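Presented below is the structure to which this report refers.
Where a number appears in this text, it was derived from the coordinates with a stated rule and is not lab data. Given the structure is predicted, the values throughout are model-derived calculations rather than measurements. Backbone-built Cβ (ideal geometry, glycine too); neighbour counts: all protein chains shown.
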Amino acid sequence: MNDSNATDRNIEQFLTFELAGDAYALSILKVQEIRGWEPVRKLPDTPAFVVGALNLRGMIVPVVDLRIRFGIERAEYTPTTVVIVACVETAAHDQVVMGVIADAVSDVLDVDPAEIKPAPNLGARIDTRYMRGIYVAKQHMVMVLNVDKLLDPEEFVGLGAAS
């Protein structure tokens, strides 16, 4: 991306993070903040991957464990575990703030959207409906998530929309 046309391209920024040894990314425009791990309060009648909620300056924020959502083996939360607080748009165009648990935050990548390739269906560890695609950065693959698809509208019942 160092060529003279780089400034003419529509570059997007993505926050990269680690989960079970793999690299994932989500649009930096969706990220509100990154918090260290703290115990969450369990919410009744929520999907298993919604592990609880945290109080973020008076706002109740559901916290999603992507390991559970993606069917990856669970792990203990450690001092490097973080919660990425993101704003998600539902299919009904409601804005919902949620926390996403990650093993660690890595970096911010500048990416030309044309370099994000469609995710293959075969052998994917996660359902491709949650993915925007795959980006190859420095000889490793980064799975670019579509954070708006991580929860479907019915799963938002009772979780509340942000105002």
Notebook entry, point to check: Rounded if a/c is under 1.5, else prolate if a/b is larger than b/c, else oblate: which is segment 80-148, with a ≥ b ≥ c the root eigenvalues of its Cα gyration tensor?
Noted result: oblate
Notebook entry, point to check: Normalised by the number of residues in segment 10-150, what is the relative contact order in percent for Cα pairs under 8 Å and 6+ residues apart?
Noted result: 28
Item checked: DSSP bridge pairs, segment 10-150: antiparallel proportion in percent, nearest 5 -> 85
Check: Could you give the dipole magnitude of segment 10-150 about its Cα centre, charging the beta-carbon of Lys and Arg +1 and that of Asp and Glu -1, in debye to the nearest 20?
Finding: 280
Note to self: Using the Karplus curve 6.51 cos²θ - 1.76 cosθ + 1.60 with θ = phi - 60°, what ³J(HN,Hα) values do you get for each residue of segment 52-58, in whole Hz, with x for Gly and Pro?
What the structure shows: x, 9, 10, 9, 10, 6, x
Checklist line | Sequence-separation-based contact order of segment 54-121, relative, with Cα cut under 8 Å and 6+ spacing, percent | finding: 30
Margin query: Give me the net charge for the shell around Ala104: Cβ to Cβ below 15 angstrom, other residues only, Lys and Arg +1, Asp and Glu -1.
Written below: -4
Margin query: Among 26-37, 11-22, 61-72, how do they line up by average Cβ neighbours within 10 Å per residue, starting with the highest?
Written below: 61-72, 11-22, 26-37
Note to self: How much of the pair distance distribution for segment 1-110 lies past 25 Å, counting alpha-carbon pairs only, in percent?
What the structure shows: 26
